[in-house]
Each structure stands twice: as C-alpha cells, then as structure tokens.
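Readers should treat all values here as calculations from the given coordinates under stated rules, not as data from a laboratory. Bear in mind that the values here come from a model prediction, so they are computed numbers and not experimental data. With ideal geometry, Cβ positions are generated from the backbone for all residues, glycine too; neighbour counts draw on all protein chains shown.
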Amino acid sequence: MKNLFRNPKESIAAKLIIATGLLIVILSLIFWYAIFLKQQKDVMSIAVEYGNSFTDFIKRSTRHSMLSLHTSTIQKTLEDIDTAEGVERIRIYSHTGSIFYSSNKKDVGNSVNKASIACTGCHDNIRSPGLLPEPKKWEVYKSAEGVTSLKLIDTIGNEPSCYTAACHVHPENQKILGFVEADISLALLDKTLFRQGLALTAYVLIFVVAISLFLGIINYKIVTHPVNELAKGMEEVAKGDLGYSAKINSVDEIGMLAKRFNAMLKDLKAAKDQRILWTETLEKEIAKKTEEIQRTQAGLMQTEKLASLGRMSAGIAHEINNPLTGVVTYAHLLKKRFPEGSPEAEDLDVIIEQAERCSKIIKNLQTFARASAPEKEEIDVNRILQQTLSMIRNQEKFHNIKFITSFEKGELRILGVTNQLQQVFLNMLINASDAMHEKGSVTVATRRINEKGDPFVEIEFTDTGVGIKETDLPKLFEPFFTTKPQDKGTGLGLSVSHGIIKHLGGQIKVRSRPGKGASFFVMLPAAGEKA
Amino acid sequence: MKKILVIDDEEIIRKSFQKILTPEGFEVKLASSGHEGISSLQKESFGVVLLDLKMPDMDGMDVLKEIKENWPETKVIIVTGYSTPEAKEEALRLGASDHIDKPFIPDILTERVRKAFNND
C-alpha cells in the first residue's frame, strides 16, 4: 500500500485513483448543485403558494371593512396581521400606485416605487400602460440588512358589491381596484436551505473519500500488487535466479501475464539447465579428446625418441667400432711378439679386454633401441586377419553379423608390425558393424594385386550398412571426423589406420554405395623382391 | 696363392687386415673405396673380398651386388661396425657368404677367411 502514493507519476494506481476521484468530485458537484437548485425551486414554489394564501387571507379579512369603507379598521387589521412572525410589511394601494393602507403607517399616502415589481410586474412601460401577457406576481429580494424576503402582490378585482356599495367610490367599468402587497421574510427558509446544502456537501465528500479508498484498495489488490510481484520476478530473473515463480492466482489479464511469465521462466530454466549439461558434456568430451591427443602425442614422442636413439647408437657404433677394431687388432698383433704369460702379453690382454668391453656397451645400446621401437617384420596378412576375426567373433557387438571370408590361398607376406595391422583391421570391422547398426554381413577378402607394376596385397572390407555420404568422403581420414554418436566414435580410428598403412608404404581406398554399404580396400606392398 | 681384397675406407682397418692375414699365407690387396675395389677386381681375380658396408662413395650393399653380379665365384665377407639383423639378412640374401662384426679377434678373422676359401 505504501507504494500507492509514493509518486503519482510512477504509480498506475495513483493515476487511476486521481482520475476517478476527479471525475467523482466533478460529477458530485454537478449533482450537488442540481439538487440544491431543485430544492430551492421547490421551497420557493411552496413559499409562493403559502404567500398567495396569505394575501388572499388579507383580502378576505379586509373585505367587509372595504365594502363598508371602514378605513381605520382596514388599517388596524393590517397592523395586527403584521405582528405575525415572518411578516415584514403589508400594503394596499391603488392601480396608480397610491398607498391607501400599510402596516407601516408612515407609508400611507405615499406612492409605490415605480421601478418595483408592484408596477413592472404587469406593465412593461409605465407611461403607455400595455399589460404583459404573463403578469409577475412575486419576487425574491435581499434587504439592506442582507435578509432574503419574498414580495407577493395580489389584485383586488371589481365586483358588483364594490361598485354598488353605498360609498360609490369605484365606478362599474373599472376592472382592477387595487393591489394587496405582502413582504414575507425568508430568513428561516434560507437557514434550512443552507443546512441542507452543508449536509449534502458532507455526504458528497464522504462519498468521494469512500469511493477513492475503495478504488485504491481494489486497485492495489488487482493491479499494483500483481504488477509489483511481476516486477520483482523480473528483477530476480535479471539477477540470474530462474527458479523464481510469481505468486499470482487471479485469472484476469495480469493473472494470464503471470502464468505466461512463470511458464517462460520454466522454459528458460530448462534451457539453461540443458545448456549447462551440454557445456559439461562438451568439457568432458574435450578433456577426453585432449587426453587422447596427449596420449597419441606422448606415444609419437616416445617412438621418435627411440628412433633417434636407434639412429644415434648406429652412428656411435660405426664411429667407435672402427677405432676399436684398430685397438683390438694391433693389441693382438703386438701380443704375438711376446711369450705367452709374459707381463707384456698380460697387459695387452687388459687392453683387448677393455676395448671389447667398450664394444659390448655399444652393442647393448643398439639392442635396447631396437627392442623398444616397433620393428617391421614379414608377416602373413591372412594369418593376422584370421586372428583378428576370431578375436572379435565372441564380442557382443558382432553377434548379429555374418562374416563372409574369401582369402587368397597361401601366405600373403607384407612388411609390417603385427599389432599395428591388427589395430587397423579391428578398426575396419568396428566401423562396418557401426555402419550396419550391428546387424548385417561383412565380406572380408584378400588378394594379390598389381599397383603400377609393383606387387601389392589388398584386403577388402565390405559392409551392408548405410554407406558414406559423398560430402563426407573427403573428410573421412581427417582426425576427429566422425558420423557416429558421441559415445561411440572418437574420429581417430580411420586417421590412425591411415597413418599406419601410409607408414608401411600402402594406402586405403573407399568405395561407397549410399544406402547399400561401403567398401574399404587396404593395400600394402607385398614383401619380397620387387617385380 | 689365396688372394684377398680388402675394401674399407679406414686405413687402420685395411692395414690391420693386412697385418693379420699376410702372416697366415694370404696375399692381401687393399682398396679404400667401393669404386677402387671394383676396379681392382676388374684387373685381377680374388678368392675372398672383405667388404665394409658403410663407405662414403658407394654403399657396401651396392658393391656386394656388383661383385656377385660380375664375379659370382668370389666370396664376400661383410665386416661392419654396426649392423641390424635385417642388414645381415639382406647381405646374405644378396650373396654374401659370411658376416663379421667389428671389432674382431684376429684369430677368428683368419678362421672365417680360411673357411670361406675351403668351402670353395
């Protein structure tokens, strides 16, 4: 609630309340004024009605005295009536304005003010006495003391009893004999009206305040509070808390907004969680691949180290064995000149012994280097293929795969390293199995071929899998290229195989029939004499 | 007289062959390179050639091939300071009759050379 009036510019509720409040105040004022006017009019018409009865009463009270022309009685009657509360003055005057009788004795004999309603009520122009179509018989005016009064005028018409009366004052053809005028105070009425006005104003004010308060509360409940709740939610989201949920249960537009907002947050959170998961997976995958690369690199470095050790030991062997040959030979030749068992012959034996020791050290070094680095040897491709196939047949991955083998007769000798070749063949078979989703048949065939005049051994692996897309073919041997699911392939198998075969002077060829399968041909130079 | 040709780029080695084998009754001629050895063979015939595998001008294997091609009767004994089993195998395949590692004991050299002549 405290936010409601902090700054009208910043609060929808305040704006709404101010606008509604203003409207209510204006409407109430109009209403109030209309009621006030109506009341005034009603009161006035009642006052006029009573006033007319009053003037009629005066006429009746003085009738007898008029007919008998008892002027003092008429005067006395008027004075008596004037003593009643609220009656200010009573006068009777002729149609020319000469005052005959008045409750205020001083007036008698005077003429009425020609500008007063006594004359202007019926005549628009006093000099040319035309009668107004609707004569005005009363008026409200304010006295010098500020008291509101009602002036009423009634005509005294000519009657047979008037012009036949003994006094013969009035001729028969005169229609109006005179006027009765009464001034009655409206002070009491004014007071009542003022009180009623005050009460009405108070009612209107209370009404305005109550309506504004009610609107304020309603507004706070259905607009300000939910909007604040949403704003808070957005602030939380901006801070990064996607677990926030706006607590708005209404089913109106704001409720819908909150519902959508909450749904959006939920989606965002799910997306964020997914992203985090992906990032983690990616990090793990990167770590895995980095480790693989490092391992491969370490292996390569080790191989390279051993190879250079081998080269170095060969160089040392050559360079040192020659001088050692000189030492040993000359020591032997010299030894022959001395008798067996002589101290000179024994010393020369020491020289020979030490020289041979040097030679042995070099030989050991060479042996170590050669033993550590993989050494190419003549191996039979058929035999290695058989070994590889029997190795995998028991594995679950190959249970639903039929192997069709067609091996060239005899030994297919090539120069290579057994376990490296096994790795290549195993890789081909795993790829074939994956391409067929572990179900289908694989043809493994070996044959002797001629490649540009040189004898080669070709090993074919043909699967009945999905084949390879033409666009993937150029990337096939690139490191880390794979079409397998994340957990299955590292994208290193074919690139490593390619490296091994290339190192042995061979190559791998691919033929793909998309949708039907793929064939891989591993070609290696045949061992033995070149053609 | 049993004639031996020594082909080795190192003088000390050539001379030690001469010093060991001459007293044993062999006629020893020396060549300091593969080319020199080949031209010596063209001039006269030798029963046994002692051949080093690593020489600056011509690879020992190529010398071996040429000797076996042109003078198949001549026995070739490879004498090397370094050798791999493959190189030994290759040499034997190309027609070398024996292989001796450097450094060698003079008596063993004499024995191997004598054996080569006897197998003739």
- What average number of partner chain Cβ atoms lie no more than 10 Å from the Cβ of the residues making up B:105-114? 2
- Give the span of the protein assembly as shown's Cα atoms along each principal axis, as three whole-Å numbers ordered largest to smallest. 216, 63, 47
- Note on the structure: Summing -39500 (n - 2.57) over every DSSP H run of at least 4 residues in chain A and dividing by its residue count gives a helix-only mean residue ellipticity at 222 nm, to the nearest 500 deg cm²/dmol, of -18500 deg cm²/dmol
- Using a simple charge model, +1 on the beta-carbon of Lys and Arg, -1 on the beta-carbon of Asp and Glu, nothing else, what dipole does the range A:12-192 show about its Cα centre, in debye to the nearest 20? 340
- Ratio of Rg to Rh for the range A:405-531, alpha carbon only, Kirkwood? 0.97
- Please identify the GluC sites (Glu not before Pro) of the range A:209-290 that satisfy two criteria: DSSP loop assignment and at most 12 other Cβ atoms within 10 Å. Which are they? none
- Task: Could you tell me which of the pairs B:LYS19/B:LYS68; A:LYS376/A:LYS484; A:LYS76/A:LYS136; A:LYS376/A:LYS475; B:LYS3/B:LYS68 are separated by over 22 angstrom between their Cα atoms in the structure shown?
- Result: B:LYS19/B:LYS68; A:LYS376/A:LYS484; A:LYS76/A:LYS136; A:LYS376/A:LYS475
- Query: For chain A, what's the relative contact order in percent, using C-alpha pairs closer than 8 Å and at least 6 residues apart?
  - Reply: 8
- One finds, for A:PHE338 and A:ASP472 with R0 = 60 angstrom and r their Cβ-Cβ distance, a FRET efficiency to the nearest 0.05 of 0.15
- Item | Rounded to 5, percent antiparallel among DSSP beta bridges of the protein assembly as shown | 70
- Task: Output the Cα-based Rg and Dmax of the range A:309-444 in Å, rounding Rg to one decimal and Dmax to a whole number.
- Result: 27.5, 84
- Label-point gap, in nm, between A:GLU438 and A:ASP241 - each point 7 angstrom along Cα→Cβ: 4.7
- Message: Need one number for the range B:74-114: average projected area of the convex hull over its C-alpha atoms, nm².
- Response: 2.9
- Query: Using a basic spin-label model with each label point 7 Å from the Cα along Cα→Cβ, how many nm lie between A:THR279 and A:LEU22?
  - Reply: 5.1
- Query: In nm, to one decimal, how far is the A:ARG60 label point from the A:TRP32 one, both placed 7 Å along Cα→Cβ?
  - Reply: 4.4
- Query: Of A:LYS38/A:LYS221; A:LYS363/B:LYS2; B:LYS29/B:LYS102; B:LYS54/B:LYS115, which ones are farther than 29 Å apart at the Cα?
  - Reply: A:LYS38/A:LYS221; A:LYS363/B:LYS2
